[in-house]
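We did not get these values from a lab; they are worked out from the coordinates using the rules stated. Worth saying up front: this structure is predicted, and the values here are computed from it rather than measured. Cβ atoms come from the backbone with ideal geometry, glycine included; neighbour counts cover every protein chain shown.
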Amino acid sequence: MIIEVKKLEKEFGTLRAVNNISFNVKEGEIFGLLGPNGAGKTTTVKMLTTLVKPTKGTATVAGYDIIKDSNNVRKSIGIVFQDPSLDDELTGRENLEFHAILYNIGKKERKKRIQEAFKLVELEDKADVLVKNYSGGMKRRLEIGRGLLHEPKVLFLDEPTVGLDPQTRRHIWDYIQKLSKEKKVTLILTTHYIEEADYLCNRVAFIDHGKIVALDTPKVLKDKLGGDVVSLQINSGIERLKSEFRKKKYVKTISNRDGFLELTVDEGEKKIPEIMATAQKLGIEVSSVNLHKPSLEDVYIYYTGKTIRDEGGEGWKGMMRSRMRQR
């Protein structure tokens, strides 16, 4: 294992931001930490990258203890921060030059690696352009290339696509997959985008209030929920309808958010007439109904009882609206 975390905790005064978490990451894996802002993802990354000392617990990165051997940890990792960290008044090449000098990379080797970095992130024609003239997506790609200059064993990506438009976000995903395959580097990704974690990650850890509530491959997590998800949009009477469905043996799980009632059932298409009849019997109007296979968002709701909410994030309600438009 290239990363081993054992009972890690971090407290800020009376706030326990990370609460007794343990997990391992395999070499070459894309491992996701998924949860809303404030869940403890970034604090976990800060501890693993030696930026913050843990209150309790231990962890090793690339075989080095994050407390006892922090210098070697730093030499073994790269970081792409959530907030922009490039110098806008320098060119792309100058930004990479400065980073390479900090890592004591010799001039000849430095030139070679910088050329390779620009090629990897497809910015060769922008190398000598001032960064302030880069688009948001180009800046993120440059930051990823910079993070690889010193050939780290592990690259941490903290919310790498936050604030980007959907098309640019998808392009960044492609670069992340590309560097994983070509560079064989282990990637630790924090995100609040459900689709991002599902698309990129070999395994995902759901974090809620500083705790890991579920950890496995996206497929296994979704398969554990099983069946189909029937989503009903209801204006009123949702609690009465929930109470009635709790009596039905075919209903495996029930949750509600933002005027939607979600039921996990087997053979959902066959159950919809009965579900609608139950609502009609109680005099409850159903504005719309949608049937889909469980998503990672459904799994997160199952384990935490709530959605992954974040301004700018693709939450459950937004996805439901999108699905309704497609019908």
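Can you tell me the FRET efficiency between Leu102 and Asp65 if r is taken as the Cβ-Cβ distance and R0 is 30 Å, rounded to the nearest 0.05?
It comes out at approximately 0.80.
If I take the Cα coordinates of the range 41-136 and project them onto the principal axes, what are the three extents in Å, biggest first?
Sorted largest first, the three principal extents are 47, 30, 21 Å.
Would you mind getting me the FRET efficiency between Asn20 and Asp216? Use the beta-carbon distance for r and R0 = 22 Å, nearest 0.05. Intermediate values should be presented prior to the final figure.
On the way: r = 19 Å, r/R0 = 0.87.
Efficiency computed from Cβ-Cβ geometry: 0.70.
How much of the DSSP beta bridge set in the chain is antiparallel, as a percent to the nearest 5?
70 percent
Could you sort 109-118, 41-50, 163-172 so that the peptide with the highest average Cβ count within 10 Å comes first and the rest follow in order? Numbers along the way, then the final one.
On the way: 109-118: 17.1, 41-50: 23.1, 163-172: 15.4.
Result, highest mean first: 41-50, 109-118, 163-172.
Over the chain, what is the relative contact order in whole percent, taking alpha-carbon pairs under 8 Å and six or more residues apart?
Reported relative contact order: 19 percent.
Compute the acute angle (0 to 90°) between the alpha-carbon long axis of helix 107-120 and the principal axis of greatest extent of the alpha-carbon atoms of the chain; round to the nearest 10°.
30 degrees
Hey, can you rank 280-287, 140-147, 221-228 by average C-beta count inside 10 Å, highest first?
For the peptides 280-287, 140-147, 221-228, the packing ranking is 140-147, 221-228, 280-287.
Taking H placed 1.01 Å from N in the peptide plane, check which residues at least 5 places from Asp208 or on another chain put their amide H under 5 Å from its amide H.
Placed amide hydrogens put Val213 under 5 Å from Asp208.
Which percent, nearest 5, of DSSP beta bridges in the range 151-255 are antiparallel?
Just about 50 percent of them are antiparallel.
Which angle from 0 to 90°, rounded to the nearest 10, does the C-alpha axis of helix 316-326 make with the longest principal axis of the chain?
70 degrees
For the range 165-297, calculate the relative contact order in percent as a whole number, restricting contacts to Cα pairs under 8 Å that are 6 or more residues apart.
About 25 percent, as a whole number.
Return the distance in nm (one decimal) between the two label points of a simple spin-label model at Val129 and His292, each offset 7 Å from Cα along Cα→Cβ.
Inter-label distance under the simple model: 3.5 nm.
For helix 166-183, report the angle its Cα long axis makes with the longest principal axis of the Cα atoms of the chain; keep it between 0 and 90° and round to the nearest 10°.
For 166-183 against the chain, the angle is about 60 degrees.
Going 7 Å from the Cα of Glu244 toward and past its Cβ, which residues in the range 262-292 have a backbone nitrogen under 15 Å from where you end up?
262-263, 272-288
For the chain, max minus min Cα coordinate along each principal axis, in Å, sorted largest first?
77, 44, 34
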